[in-house]
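Worksheet: one structure, shown below.
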Amino acid sequence: MTSIREDEARAEIAHHGKLLYERRLAHGSAGNLSVRLGDGSILVTPTNSSLGTLTPERISKVSPEGVLISGDPPSKEAFFHLAVYDERPQAGAIVHLHSTHAVAVSCLCHEDTTNVLPPMTAYHVMRVGRLPLLPYYRPGDRRLAEAVRETAKTHHALLLANHGPIISAKSLAEAVSIYEELEETAKLFFLVGDRPVSLLTCEEVTELEAVFGS
C-alpha cells in the first residue's frame with residue numbers, strides 16, 4: 001500500500017473520477033472510488049454523486065468500521081470497499097464502475113465462473129489476471145460484503161453478476177489502469193464473438209505469471 005496524504009488523496013479521487021467520466025467508463029451517479037489512508041480510514045465517493053463532478057472537500061471519509069468521519073454521506077457500497085481492504089493489506093485504492101462491456105460480461109451465463117474472460121492478450125493476463133464472477137446481490141445488500149471478502153483473499157479483480165467489476169491495487173492510478181485493461185478485454189471478447197480465437201496457451205499464461213507476478 002502506498003502512503004498518501006489526505007489532501008492529495010482527495011484531489012486524486014476527484015481527478016480520476018473526472019477522467020473516468022470523460023472516458024465514458026462512468027455514467028450518471030453509478031460507480032465509486034476509494035483510497036485507503038495511513039490510519040486505516042478510507043476516502044470514498046459520496047452517495048448519488050457523479051464521478052465527473054466530484055469536489056475534494058465533499059468526498060466521504062469513513063472509519064475502518066464504516067462510520068462517517070467527514071464529508072458527504074458515503075456510497076451505499078462503501079461496505080464492500082472495506083471488506084476488500086480487510087482482506088488485502090497491500091491494497092491502497094479500489095475502483096468499482098458499471099462500464100458497458102464489463103457489465104455485459106457480468107450478465108452472461110458462464111459455465112465456469114472462476115474466470116469469465118479468456119486470456120486473449122498478455123496485458124490482460126498481466127494486469128487483470130483471473131476474473132471470477134460472484135453471484136448477484138441487490139445494490140446495498142450487506143451479504144455482498146462476505147462474498148466479496150472471500151474472493152478478495154486471492155483476487156485483486158472480481159466481477160459482480162449483473163453489476164460490474166471491483167478492482168483493487170496499490171494506488172488509484174494503478175487500479176484505474178487495470179480497470180481500463182479489463183474493459184478493453186471485454187470489448188475484444190464481444191468483437192471476436194463466435195469466431196475462432198487464438199488464445200494464449202497455459203504455458204504462455206504461466207510464463208507471464210512467473211515473469212510479471214500477475
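Ranking Thr113, His124, Leu33 by Cα position along the charge dipole of the chain, where only Lys, Arg, Asp and Glu carry charges on their C-beta atoms, puts Leu33 farthest toward the positive end. Straight-distance candidates among the lysines for linking to Lys76, with alpha-carbon spacing under 28 Å and chain neighbours fewer than 8 residues away dropped: Lys18, Lys61, Lys153, Lys170. When +1 charges are put on Lys and Arg Cβ atoms and -1 charges on Asp and Glu Cβ atoms, the dipole computed for segment 1-110 relative to its Cα centre reaches about 320 debye. Only one residue of Gly213, Thr201, Leu158 has its Cα farthest out toward the positive end of the dipole of segment 144-214, where Lys and Arg carry +1 and Asp and Glu -1 on Cβ, and that residue is Leu158.
For every helix of n ≥ 4 consecutive DSSP H residues, a contribution of -39,500 (n - 2.57) applies; sum these over the chain, divide by its total residues, and give [θ] at 222 nm rounded to the nearest 500 deg cm²/dmol.
Working: 7 runs with 83 residues, N = 214.
Roughly -12000 deg cm²/dmol at 222 nm, from the helical runs in the chain.
Packing order of peptides 59-65, 90-96, 28-34, highest average first: 90-96, 28-34, 59-65 (average count of other Cβ atoms within 10 Å over each peptide's residues). Sequence-ordered 3J(HN,Hα) estimates for segment 197-204 from the Karplus curve with 6.51, -1.76 and 1.60 and θ = phi - 60° stand at 10, 8, 8, 5, 6, 4, 5, 5 Hz, glycine and proline given as x.
Projecting label points 7 angstrom from Cα along Cα→Cβ for Lys76 and Met120 puts them 3.3 nm apart. Roughly how big is segment 6-212's charge dipole about its Cα centre, with Cβ charges of +1 (Lys, Arg) and -1 (Asp, Glu), in debye to the nearest 20? The calculated dipole for segment 6-212 is roughly 520 debye.
Looking at the chain, what % of the alpha carbon pairs are farther apart than 22 Å? Summing the P(r) tail past 22 Å for the chain gives 46 percent. Here the alpha carbons of segment 108-210 define both size measures, Rg and Dmax, at 14.0, 41 Å. Our coupling estimate for segment 116-131, obtained by passing each phi through the Karplus curve with A = 6.51, B = -1.76, C = 1.60 and θ = phi - 60°, is 9, 10, x, x, 7, 9, 4, 5, 5, 4, 5, 9, 9, x, 6, 10 Hz, Gly and Pro reported as x. Under conditions of 4 °C and 1.567 mPa s, segment 47-146 yields 81 µm² s⁻¹ as its translational diffusion coefficient, taking Rh as the Kirkwood radius over Cα pairs in the Stokes-Einstein equation.
So what's the net charge close to Arg10: Lys and Arg +1, Asp and Glu -1, counting the other residues with Cβ under 11 Å from its Cβ? Around Arg10, the surrounding residues sum to -2. Length gained on full extension, Glu209 to Asp86: 41.8 nm, using 0.36 nm per residue less the C-alpha separation.
Any read-out appearing in this document is the output of simple, stated calculations on the displayed coordinates, not a laboratory observation. Keep in mind that this is a model prediction, so the values were computed, not measured. Glycine also receives a Cβ, built like all others from the backbone with ideal geometry; neighbour counts cover every protein chain displayed.
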